[in-house]
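Data first, discussion second: the structure below is written as structure tokens.
Values quoted throughout were computed directly from the atomic coordinates according to the rules given, and no laboratory measurement underlies them. Treat the numbers as computed from the prediction; the structure is a model and nothing was measured. No Cβ is skipped: glycine too gets one built from the backbone with ideal geometry, and neighbour counts run over all protein chains shown.
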Amino acid sequence: MLVPQEVPTPQPEEGLLLRLVAARTKQEVLHQLLEGIPGLRGLTLWGEDGTSLIAWAGERQEQNGERLPLSEDPEYWLSSEPVIKFPPEILAVAELRLLYLDAQDTSVRLGNKLATLTAAAKTDALTGLPNRHALEADLKRLDASNNAFAVVFIDLDGFKAINDRYGHALGDSLLKGYGLWLSRVTGPWGRVYRMGGDEYLLLMTDFPGSPETFQEWAHERLQIPFVDGVSASIGIAWRHENSSISEVMRLADQRMYQAKSERSGLPPSRRTDRRTTYKIPTQSS
């Protein structure tokens, strides 16, 4: 052992073990030891074979001071001023608490990382809007709740020509700008998703009006030409129009393409080069 055996073992204050178990940080573990063991003026906690300074309380020990391993296979070492022999039960409880705090910190970090990855998986990288995966999760919740809602498919007309003429940098700016516009217009009434390419979707759950009023509002606010040569075709369907959410989604999709064909004078067609198949969630039995 590194600590001289002739140094008498100090008697810790009553209740020190309980205070160590309740310590919320490594710094607090050291403070409890410093206050609970008579004669101590300073404690320093080390890691990585006693070479890495972690924390200290009271008088800080020098880098070349003696270090006491907390166990036979230690994660931590202690140096003290003055050098003393610690009661073994104190060292055991202190090490267990330090290891627990380490595990707790790791759990928090992993939880935060998982939350970040989960959010990224449900977020469109370009616009920051929720993506198809987020929509699927939201539709599943709505399907289970039986709450009323409207689906609005939106497809930008004229965007491809702007993108081809002025480049993807401007095109990306327009897509982000239109997504921001949709979010501001929608406000607390629903949620905006980017479906891919120049297609968006509104899931309206709290519109303060009738379906007829919403129809007027949508055509007035969503189809405005937000930049020269670019406007939007929309298709709206309501939950009450079909008991199946899949059919409601398809109905809104069909109406959007019908609106696009009426505006262009061309027959309806799906532009599969920009559009991927949407997987409609089904309610579990």
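Listed values, structure above:
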item	result
Cα lying deepest toward the dipole's positive end in region 77-213, options TRP77, GLY190, THR123, charges on Cβ	TRP77
Separation in nanometres of the label points that stand 7 Å from Cα toward Cβ, at GLN27 and GLN11	3.3 nm
Volume in Å³ per residue [convex hull over Cα atoms, computed for region 1-135]	144 Å³
Structure-derived Kirkwood radius over Cα pairs in Å - corresponding label in [x] 24.2; [y] 20.0; [z] 18.1	[x]
Residue with peak Gaussian network fluctuation, the chain [Cα springs, cutoff 10 Å], from LEU96, LEU117, LEU156	LEU96
Gap separating the Cα centres of region 116-148 and region 160-234, nearest whole Å	17 Å
Most mobile listed residue (PHE86, PHE159, PHE207) in the chain, GNM with C-alpha springs under 10 Å	PHE86
Under 24 Å from the Cα of LYS260 - lysines, other chains or at least 8 residues apart	LYS160, LYS176, LYS279
Proximal charge balance of GLY158 [Cβ under 12 Å; K/R count +1, D/E count -1]	-1
Potential extension, ASN147-SER261 segment - 0.36 nm per residue separation minus Cα distance	37.9 nm
Neighbour net charge for THR213 - beta-carbon separation under 13 angstrom, K R +1, D E -1	-2
Point-to-point label distance, ASN112-SER231, nm (Cα→Cβ direction, 7 Å offset)	4.9 nm
Dipole of the chain, positive end: most advanced residue of GLN27, VAL230, ALA137 [Cβ charges, Cα centre]	VAL230
Net +/- balance of residues flanking GLU62 in space, Cβ distance below 14 Å, scoring K and R +1, D and E -1	0
Nitroxide proxy distance, nm - points 7 Å out along Cα→Cβ at SER52 and VAL83	2.5 nm
Mean separation of Cα contacts under 8 Å, 6 or more apart, over the residue count of the chain: relative contact order %	14 percent
Lys, Arg +1 and Asp, Glu -1 on Cβ, resulting dipole of the chain about Cα centre, debye, nearest 20	1540 debye
Estimated FRET transfer efficiency when R0 is 25 angstrom, pair ASP105-ASP73 (beta carbons, to 0.05)	0.75
